[in-house]
Amino acid sequence: MGKEKIRIGCGAGFSGDRLEPSEILAEKGNLDYLVLECLAERTISLAQKRKKENPLLGYDPLLERRIKRLLPILIKNKVRLITNMGAANPLEGGKKIIEIADQLGLRIKVAIVHGDDVFNQLNREEKTLESGVPLSSYSSIVSANAYLGIDAIIPALETDADIILTGRVADPSLFLAPIVNEFGWDLMNSTLLGQGTVLGHLMECAGQITGGYFADPVVKPVPDMDILGHPILEVSKDGTGIIRKVDGTGGLINTQTAKEQLLYEVLDPFAYYTPDVIADFSKVQIEEIGKNQIRISGGNGKPAPQTLKVSVGYDAGYLSEGEISYAGANAKERAFLAGEIIEKRISKAFDEFRVDYIGVSSLHGLELSKDSTPYEVRLRVAGKTQDPALSTLVGEEVEALYTNGPAGGGGARKYTHQLMGVVSILMDRDLISPKLTLLESN
Amino acid sequence: MKTKLSKIAHGRAGDKGNTLLLSLIPYDPINFEKLVKNVTEESVKAHLSHQLKGEIKRFVLPELKAIQFICQDSLGTGVTTSIAMDTHGKSLSYALLEMEIDLN
């Protein structure tokens with residue numbers, strides 16, 4: 001307590017993010033906290049599925065690798081880790097971290113934030129936000145996790161735990177919680193919570209504010225993306241934040257990268273709902289105060305909503321896919337013929353069916369590419385089905401074009417995926433009880 | 001004279017369920033008003049009619065000099081169940097930037 005400034009790094013912006021940027025941050029970032037945000041909306045449902053198959057799993061698949069590499073650095077430099085890598089099973093994830101610490105001979109404490117799993121409290125008559133139909137109309141519901149906020153994380157920070165491991169929490173809350181806790185901000189001060197949420201939102205995707213997912217070598221060049229640095233937030237007691245990165249890392253931080261990230265996945269810039277506040281992003285000020293350094297102020301907010309968002313995962317059947325390529329003279333015409341053949345043969349067997357021409361129309365449709373004549377085209381066919389017997393059919397049919405289809409087809413591939421759908425409902429926050437469990441190594 | 005948006009603006013696409021979010025940010029703030037005038041809910045809907053199936057709402061942010069479009073029913077049921085190549089619609093930021101406007 002009593003600090004004037006704290007420094008928080010974000011070393012991962014999704015489950016599969018690079019490993020070494022977080023190590024560079026922990027080693028050279030002069031950090032108080034390191035956040036790893038590894039839990040997208042669908043990721044937790046997939047994790048719930050792994051937990052069902054093995055009750056000892058269901059935490060982030062990279063938890064072990066990340067913690068093994070990071071833990072010695074974190075302990076040496078006294079950096080506290082806050083991460084949602086607990087995913088669907090924070091308790092077992094916590095035990096795994098303790099096991100790693102014991103192996104490394106490090107004495108640590110882990111504070112586990114859970115209670116986000118509300119599967120047993122689901123009201124099946126509740127209507128989904130996406131479609132307005134009740135949950136009972138979804139065939140097989142496999143998971144339900146509520147987005148917890150800073151009120152669930154702060155008690156964990158009040159302990160002397162080295163690592164705070166959570167399941168589903170709102171991404172910006174991973175950053176807002178240590179800020180509120182260190183500065184003793186009033187939880188009723190919506191202006192401060194709104195500004196802190198702006199900072200958390202800018203940080204939560206890690207490399208997406210340091211030039212990742214921004215670069216375009218023609219109009220928006222970003223240097224040294226092979227060693228892209230992840231961001232460091234230095235936040236002052238009044239809520240003003242400065243975002244920068246470790247010297248010597250690649251990337252770019254400026255008003256353009258900040259604006260793209262500020263609006264990323266924001267449904268309403270005047271009212272961004274989190275469990276902590278309804279934040280107003282519309283009057284945020286971004287100032288470039290040096291090379292790769294920006295100052296952020298002007299976030300605002302209104303009191304937190306009474307309801308929390310709950311992500312509900314359900315089995316959505318199978319995606320059956322096949323691909324094959326054509327190149328040279330009449331490549332487009334031969335690919336189109338191949339697509340027509342498959343469509344005639346099997347499209348009616350699937351609930352949804354789609355033919356894409358990679359290189360022509362697979363991303364933006366035919367309209368925007370109608371004058372283009374690419375040298376090579378890749379046919380991609382996809383079908384959705386609830387029937388396991390049909391789940392491999394598209395790939396098989398595309399592969400059979402080798403001997404039955406147009407000339408010169410090459411590189412056939414086939415894929416089958418089980419689909420996990422996610423819908424959302426709102427739940428009264430009084431029905432949800434966050435829990436805290438402490439574990440200690442030997 | 002018609003100019004492609006990609007010459008004067010940049011942006012990022014995001015997704016929430018079956019809702020596509022597209023930001024549009026001028027490189028030079030001087031072009032912000034021209035974007036506000038020309039890149040409207042109607043013109044975006046017309047430009048991407050094959051993709052945008054639902055209601056479109058535009059937020060104009062004069063302090064940030066940015067525009068955000070919220071496009072419902074535009075991701076073929078959304079990232080978790082769509083059978084499209086780009087289930088998130090992440091590449092669609094560049095589809096918006098293909099639009100041409102009159103800069104005069």
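Numbers below:
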{"quantity": "Matching option when the condition is buried (at least 16 other Cβ atoms within 10 Å of the Cβ) and within 13 Å of chain B (Cβ to nearest Cβ), among A:THR392, A:THR385", "calculated": "A:THR385"}
{"quantity": "From B:LEU103, B:LEU96, residue being closer than 19 Å to B:HIS10 by Cβ, buried (at least 22 other Cβ atoms within 10 Å of the Cβ) and not aromatic (Phe, Trp, Tyr)", "calculated": "B:LEU96"}
{"quantity": "Whichever residue in region A:318-337 is surrounded by 22 or more Cβ atoms within 10 Å (Cβ to Cβ) and of a type in the set (Gly, Ala, Ser) and, among such residues, is nearest to the chain's Cα centre (by Cα)", "calculated": "A:SER320"}
{"quantity": "A:GLU265 being surrounded by 17 or more Cβ atoms within 10 Å (Cβ to Cβ) and within 24 Å of A:ARG168 (Cβ to Cβ)", "calculated": "yes"}
{"quantity": "Residue match in region B:57-79 (condition: polar (S, T, N, Q), surrounded by 15 or more Cβ atoms within 10 Å (Cβ to Cβ) and assigned to a helix (DSSP H, G or I))", "calculated": "no"}
{"quantity": "Residues satisfying the stated conditions in region A:359-387, i.e. closer than 19 Å to B:LEU48 by Cα and either at pLDDT 95 or above or not charged (D, E, K, R) (or both)", "calculated": "A:GLY359, A:VAL360, A:SER361, A:SER362, A:LEU363, A:HIS364, A:GLY365, A:LEU366, A:LEU368, A:SER369, A:SER372"}
{"quantity": "Test: residue in region A:136-151 that is surrounded by fewer than 19 Cβ atoms within 10 Å (Cβ to Cβ), assigned by TED's automatic domain parsing to the domain that holds A:ARG80 and without any contact (Cβ under 8 Å) to a residue 12 or more places away in the chain", "calculated": "no"}
{"quantity": "Filter result (surrounded by 21 or more Cβ atoms within 10 Å (Cβ to Cβ) and assigned to a helix (DSSP H, G or I)) within region A:101-131", "calculated": "A:ALA101"}
{"quantity": "1 or more residues closer than 25 Å to A:LEU74 by Cβ and of a type in the set (Asp, Glu): qualifying helices (runs of 4 or more DSSP H) within region A:132-246", "calculated": "A:150-158, A:173-183"}
{"quantity": "In region A:257-269, residue nearest to the other protein chains (Cβ to nearest Cβ) [restricted to those that are over 18 Å from the mean Cα position of the chain (by Cα) and more than 13 Å from A:ILE296 (Cα to Cα)]", "calculated": "A:PRO269"}
{"quantity": "Yes/no for B:SER43 being surrounded by fewer than 17 Cβ atoms within 10 Å (Cβ to Cβ), touching a residue at least 60 places away in the same chain (Cβ under 8 Å), in a helix (DSSP H, G or I) and not aromatic (Phe, Trp, Tyr)", "calculated": "no"}
{"quantity": "Failed condition for A:LEU363, given (1) within 14 Å of another protein chain (Cβ to nearest Cβ); (2) surrounded by fewer than 16 Cβ atoms within 10 Å (Cβ to Cβ)", "calculated": "(2)"}
{"quantity": "Sole exception among (1) part of a loop (DSSP other than H, G, I, E, B); (2) touching a residue at least 12 places away in the same chain (Cβ under 8 Å) for A:LYS52, by number", "calculated": "(1)"}
{"quantity": "Number of the exception - B:ALA66 against (1) within 28 Å of A:SER320 (Cβ to Cβ); (2) facing another protein chain (nearest Cβ under 9 Å); (3) among the small types (Gly, Ala, Ser)", "calculated": "(1)"}
{"quantity": "Close pairs (8 angstrom Cβ cut-off, 6 or more residues apart or separate chains): more than 9 Å from every other protein chain (Cβ to nearest Cβ) and within 18 Å of B:GLY78 (Cβ to Cβ) in region B:1-19, surrounded by 22 or more Cβ atoms within 10 Å (Cβ to Cβ) and of a type in the set (A, V, I, L, M, F, W, C) anywhere", "calculated": "none"}
{"quantity": "Check on B:VAL36, crowded, with 22+ Cβ neighbours inside 10 Å and over 15 Å from A:LYS259 (Cα atoms)", "calculated": "no"}
{"quantity": "Selected residue (criterion: farthest from the other protein chains (Cβ to nearest Cβ)) from residues of region A:270-295 that are touching an Asp or Glu at 6+ places or on another chain (Cβ under 8 Å) and under 21 Å from A:GLN208 (Cβ atoms)", "calculated": "A:ARG295"}
{"quantity": "Inter-residue pairs, beta-carbon under 9 Å, first within 17 Å of A:VAL377 (Cβ to Cβ) and in the same structural domain as A:GLU333 (by TED's automatic domain parsing) and in region A:392-408, second surrounded by fewer than 16 Cβ atoms within 10 Å (Cβ to Cβ) and charged (D, E, K, R), 6+ apart", "calculated": "A:VAL398/A:ARG413; A:PRO406/A:GLU333"}
{"quantity": "Close pairs (6 angstrom Cβ cut-off, 6 or more residues apart or separate chains): more than 15 Å from A:VAL169 (Cα to Cα) and in the same structural domain as A:ARG42 (by TED's automatic domain parsing) in region A:420-438, surrounded by fewer than 18 Cβ atoms within 10 Å (Cβ to Cβ) and basic (Lys, Arg) anywhere", "calculated": "none"}
{"quantity": "Residue in region A:218-236 that is farther than 24 Å from A:LEU19 by Cα and away from chain B (no Cβ under 14 Å) present", "calculated": "yes"}
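Yes or no, residue by residue, for (1) of a type outside the set (Gly, Ala, Ser); (2) within 22 Å of A:LEU308 (Cβ to Cβ); (3) at pLDDT below 95:
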residue: A:ILE154; (1), (2), (3): yes, yes, no
residue: A:ILE163; (1), (2), (3): yes, no, no
residue: A:ARG168; (1), (2), (3): yes, yes, no
residue: A:SER173; (1), (2), (3): no, yes, no
residue: A:MET188; (1), (2), (3): yes, yes, no
residue: A:LEU202; (1), (2), (3): yes, no, no
residue: A:ASP216; (1), (2), (3): yes, no, no
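Quick grid of which residues meet (1) at the interface with chain A (Cβ under 9 Å from one of its Cβ atoms); (2) of a type outside the set (Gly, Ala, Ser); (3) more than 30 Å from A:THR416 (Cα to Cα):
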site	(1), (2), (3)
B:ILE30	no, yes, yes
B:LYS34	no, yes, yes
B:LYS37	no, yes, yes
B:LYS45	no, yes, yes
B:ARG58	no, yes, yes
B:GLN72	no, yes, no
B:MET85	yes, yes, no
B:HIS88	no, yes, no
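The values are calculated or read from the model by the stated rules, or taken from the named source; none is laboratory data. Owing to the predicted nature of the structure, the values given are computational and were not obtained by experimental measurement. As a convention, Cβ positions derive from the backbone with ideal geometry for all residues, glycine included, and neighbour counts pool all protein chains shown.
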